[in-house]
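Enquirer: Below you will find the structure I want to go over with you.
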Amino acid sequence: MTGWAVRAASVLAAAGLWQALTAADARLWLRFDRLPTLDEIAGEAARQLVTPVFALDLLQSLIRILTGFGLATVAGVAAGIALGRSPRTRDVLLPLLEAVRPIPAIALVPVAILLFPTDEQGIVFITFVAAFFPILVSTRHAVRALPTLWEDAVRTLGGRRLHVLRHVVLPGILPGVSGGLSVGMGVSWICVISAEMISGEFGVGYRTWQAYTLVDYPAVIVGMLTIGLLGWLTSAAVELAGRRVTRWLPRAARDGVS
Amino acid sequence: MTAVLPAVGAAPAGIGFTLEGLALGYGHDPVVRGVDLDIEPGEVLVVVGASGSGKSTLLRALAGLLPPAAGTVRAGGAEITGTSAERAMVFQDDGLLPWRSVLRNVELPLRIRKVGRRERTAAALEWIDRVGLAGAEGKLPRELSGGMRQRVQLARALVAAPRAVLMDEPFGALDAQTRAQMQRLLLDVLAGTRATVVFVTHDVDEALLLADRIVVLGGPGNGHGIRASFAVRGAGRDAGLRDRILKEL
């Protein structure tokens, strides 16, 4: 069998096992009798896919993640460069950032609810914090790992600080930063879904938790699969973008990116 | 804003350097100390010396990358306080930006000077052709051999018509045959400019081939200053010159 056939068989076998256990209402030590069968899940998915609420939830979660992640990218890269290049900035910002960094973003939910006028802003804030630190840390490391030779070269060609920033630092850190962006996107999803479950009015996370409280288990599974699919698509997009902008790396180093 | 770009061949006059009581490095044990040296506008000065004699350090000071620990460095009468496009540098290796194509690397100094796209592309292509790389404009540095990369560095250093070119063992990492090719290319290319050249090497034969004048830096049992100076141009085929230089190393 070819590799692809093995992979397809593996997925089909897992799905078959699920179907067998749930259809037989198996109560081993794990209780599969409460979980929906594949046809129940498929029916629920088919029903939901055509409803406007599903599209609205999807859009809402995507807007939240893209806003939070986008802001975190800008802020994380800017702060990472400043920390990597300016000792003064390091003295001012580093103690604050190091004090906040160990706190998981999701633990900030109560503060976010108190701090922001709307839940919407609070959720975006949580998503932002989640992605900010991985991006910041990877940017700072990438800046410090830049060979000084490139900067020397640009300076002896007449380049000033802004030229060095634009022609050396920003392109030079991309391979390192793209790894941070991938990690950031992953934690962003964890946090946006958790925050939606706690305090949303729309969104895939909110809908999934609501389905659970309404004892609509097929809808819970559909929500989970939707979240997984969205996470996979956005991570793939970040990875693809990362590969496109680091084509100048030797192949081996490029495969190590992200 | 468009800078006026001199045509290839119509290069500006070279710039002279004056070094007085120059010490470079940190703390009580500078790498280079007590250097007094005049470099004439337009001359090709080759600095030779053993490893650790401070040749590259001296070059970095001329570039404005390293401030003096003591003494002064002047270029064209003005004290050097930082880098300038007038003093372009060629590094031993890896001085190219790896994410920029050959063309984009060569045109970078013109882009920094805000020369318009069409004009800078034309000038860059002309220089790429002069260093024998026509057809390789779109290649990335990692796709080039060591010799080709140094050709790109040479084109990039010269494209904006600097008044001095500082070369830090530019052919040190190349095999003997490529090295000989590059030396001939350098002589050809320099014939079309009036720039002052300061060339650092540990290879005396290379120095003899390229130099108007050779200075020996450092040396065994000596301090870290200029140990000896030899006029080369006009010396003819002086068989004893090579031996006298080697004796000072």
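The values are calculated or read from the model by the stated rules, or taken from the named source; none is laboratory data. Note that the coordinates shown come from a computational prediction; the quantities given were computed from them, not determined experimentally. All Cβ positions, glycine included, derive from the backbone under ideal geometry; neighbour counts span all protein chains shown.
Enquirer: Looking for something more than 22 Å from the chain's Cα centre (by Cα), crowded, with 16+ Cβ neighbours inside 10 Å, within 14 Å of chain A (Cβ to nearest Cβ) and outside any helix (DSSP H, G or I) - is there at least one such residue anywhere in segment B:111-120? If you could, list the steps in order and put the result at the bottom.
Expert: Going through segment B:111-120, the residues more than 22 Å from the chain's Cα centre (by Cα) turn out to be B:114-120.
Keeping just the survivors that are crowded, with 16+ Cβ neighbours inside 10 Å gives B:115, B:120.
From what's left, within 14 Å of chain A (Cβ to nearest Cβ): B:115, B:120.
Subset that is outside any helix (DSSP H, G or I): B:115.
The answer is yes, given that some residue of segment B:111-120 is more than 22 Å from the chain's Cα centre (by Cα), crowded, with 16+ Cβ neighbours inside 10 Å, within 14 Å of chain A (Cβ to nearest Cβ) and outside any helix (DSSP H, G or I).
Enquirer: Right, here's the next one. Within segment A:9-27, does at least one residue satisfy the condition of being free of Cβ contacts under 8 Å to residues at least 40 places away in the same chain, among the hydroxyl-bearing types (Ser, Thr, Tyr), more than 24 Å from A:ALA211 (Cα to Cα) and not in a loop (DSSP other than H, G, I, E, B)? Before you say what the answer is, go through the steps one by one.
Expert: Looking only at segment A:9-27, we keep the residues that are free of Cβ contacts under 8 Å to residues at least 40 places away in the same chain, and these are A:9-27.
Those still in the list that are among the hydroxyl-bearing types (Ser, Thr, Tyr) too: A:10, A:22.
Among the residues that remain, those that are also more than 24 Å from A:ALA211 (Cα to Cα) are: A:10.
Subset that is not in a loop (DSSP other than H, G, I, E, B): A:10.
The answer is yes; a qualifying residue exists.
Enquirer: Please go through segment A:86-106 and give me each residue that is of a type in the set (Gly, Ala, Ser), at pLDDT 90 or above and assigned to a helix (DSSP H, G or I), ordered by number. Steps first, please.
Expert: Just the residues of segment A:86-106 that are of a type in the set (Gly, Ala, Ser), to begin with: A:86, A:99, A:105.
From what is left, the residues that are at pLDDT 90 or above are A:86, A:99.
Listed by number, the list holds a single entry, A:ALA99.
Enquirer: Looking only at segment B:74-89, count every residue that is within 9 Å of chain A (Cβ to nearest Cβ) and not charged (D, E, K, R) and tell me the total.
Expert: Taking segment B:74-89 first, the residues within 9 Å of chain A (Cβ to nearest Cβ) are B:82-89.
Restricting the remaining residues to those that are not charged (D, E, K, R) gives B:82-85, B:88-89.
Residues that pass the stated criteria total 6.
Enquirer: While we're here: Looking at (1) crowded, with 24+ Cβ neighbours inside 10 Å; (2) of a type outside the set (A, V, I, L, M); (3) under 13 Å from the mean Cα position of the chain (by Cα), which is the one condition that is false for B:ARG163?
Expert: It is condition (1) that B:ARG163 fails.
Enquirer: Here is a follow-up. What pairs come out if I take residues in segment A:95-110 that are surrounded by 12 or more Cβ atoms within 10 Å (Cβ to Cβ) and pair them with residues that are of a type in the set (Phe, Trp, Tyr) whose C-beta lies under 7 Å away, six or more apart or interchain?
Expert: A:ARG101/A:PHE133
Enquirer: Follow-up. When you check B:LEU103 against the structure, is it over 19 Å from A:LEU249 (Cβ atoms) and more than 13 Å from chain A (Cβ to nearest Cβ), yes or no?
Expert: Numbers: over 19 Å from A:LEU249 (Cβ atoms): yes; more than 13 Å from chain A (Cβ to nearest Cβ): yes.
Spelling it out, B:LEU103 is indeed over 19 Å from A:LEU249 (Cβ atoms) and more than 13 Å from chain A (Cβ to nearest Cβ).
Enquirer: Additional query: Which pairs turn up if I take residues in segment B:131-156 that are away from chain A (no Cβ under 14 Å) and look for partners that are polar (S, T, N, Q) and surrounded by 18 or more Cβ atoms within 10 Å (Cβ to Cβ) with beta carbon separation below 8 Å, at least 6 apart in sequence or on another chain?
Expert: B:GLU137/B:SER101
Enquirer: Given the conditions (1) modelled with pLDDT of 90 or more; (2) of a type in the set (S, T, N, Q); (3) within 21 Å of B:GLY54 (Cα to Cα), report the number of the one that B:GLN183 does not fulfil.
Expert: (3)
Enquirer: While we're here: Taking A:LEU240 and the conditions (1) within 30 Å of B:PRO98 (Cα to Cα); (2) out of contact with any Ser or Thr (no Cβ under 8 Å at 6 or more places or on another chain); (3) modelled with pLDDT under 90, which numbered condition does it fall short on, given that it satisfies the others?
Expert: All conditions pass for A:LEU240, except number (3).
A quick yes/no check of all residues on (1) within 24 Å of B:ARG179 (Cα to Cα); (2) within 14 Å of chain A (Cβ to nearest Cβ); (3) in a helix (DSSP H, G or I); (4) touching a strand residue (DSSP E or B) at 6+ places or on another chain (Cβ under 9 Å):
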{"residue": "B:THR18", "(1), (2), (3), (4)": "no, no, no, yes"}
{"residue": "B:GLY21", "(1), (2), (3), (4)": "no, no, no, yes"}
{"residue": "B:PRO30", "(1), (2), (3), (4)": "no, no, no, yes"}
{"residue": "B:LEU37", "(1), (2), (3), (4)": "no, no, no, yes"}
{"residue": "B:SER56", "(1), (2), (3), (4)": "yes, yes, yes, yes"}
{"residue": "B:LEU65", "(1), (2), (3), (4)": "no, yes, no, yes"}
{"residue": "B:THR72", "(1), (2), (3), (4)": "no, no, no, yes"}
{"residue": "B:ASP93", "(1), (2), (3), (4)": "yes, yes, no, no"}
{"residue": "B:PRO98", "(1), (2), (3), (4)": "yes, yes, no, no"}
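Enquirer: Among the helices (runs of 4 or more DSSP H) contained in segment A:108-209, which hold 2 or more residues that are closer than 25 Å to A:GLY228 by Cα and at pLDDT below 90? Let's see the steps before the verdict.
Expert: On the way: elements: A:109-115, A:119-145, A:148-156, A:161-164, A:170-199.
Where helices (runs of 4 or more DSSP H) fall fully within segment A:108-209 and carry at least 2 residues being closer than 25 Å to A:GLY228 by Cα and at pLDDT below 90, they are A:119-145, A:170-199.
Enquirer: Moving on. Is it the case that A:LEU233 is at pLDDT 85 or above, over 19 Å from A:TYR206 (Cα atoms), within 19 Å of the chain's Cα centre (by Cα) and not charged (D, E, K, R)?
Expert: yes
Enquirer: Do you know which residues across segment A:147-202 are over 17 Å from B:LEU96 (Cβ atoms), of a type in the set (Gly, Ala, Ser) and either surrounded by 23 or more Cβ atoms within 10 Å (Cβ to Cβ) or within 14 Å of chain B (Cβ to nearest Cβ) (or both)?
Expert: Matches in segment A:147-202: A:GLY176, A:SER178, A:GLY180, A:GLY184, A:SER188, A:ALA195, A:GLY200.
Enquirer: Looking only at segment B:157-207, which residues are more than 21 Å from B:ASP93 (Cβ to Cβ), within 14 Å of chain A (Cβ to nearest Cβ) and either part of a helix (DSSP H, G or I) or among the charged types (D, E, K, R) (or both)?
Expert: Matches in segment B:157-207: B:ARG163 only.
Every residue, every condition in (1) modelled with pLDDT of 90 or more; (2) among the aliphatic types (A, V, I, L, M); (3) over 18 Å from the mean Cα position of the chain (by Cα), yes or no:
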| residue | (1), (2), (3) |
| --- | --- |
| B:GLN177 | yes, no, yes |
| B:THR196 | yes, no, no |
| B:THR201 | yes, no, no |
| B:ALA239 | no, yes, yes |
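Enquirer: Next up: Within 30 Å of A:ASP57 (Cα to Cα) and within 21 Å of the chain's Cα centre (by Cα), is that true of A:THR127? Spell out the reasoning first.
Expert: Numbers: within 30 Å of A:ASP57 (Cα to Cα): yes; within 21 Å of the chain's Cα centre (by Cα): yes.
Here the answer is yes, as A:THR127 does meet what is asked.
Enquirer: So which residues in segment B:144-156 are assigned to a helix (DSSP H, G or I) and not aliphatic (A, V, I, L, M)? Break it down stepwise before answering.
Expert: Filtering segment B:144-156 down to residues assigned to a helix (DSSP H, G or I) leaves B:146-156.
Passing the criteria: B:GLY146, B:GLY147, B:ARG149, B:GLN150, B:ARG151, B:GLN153, B:ARG156.
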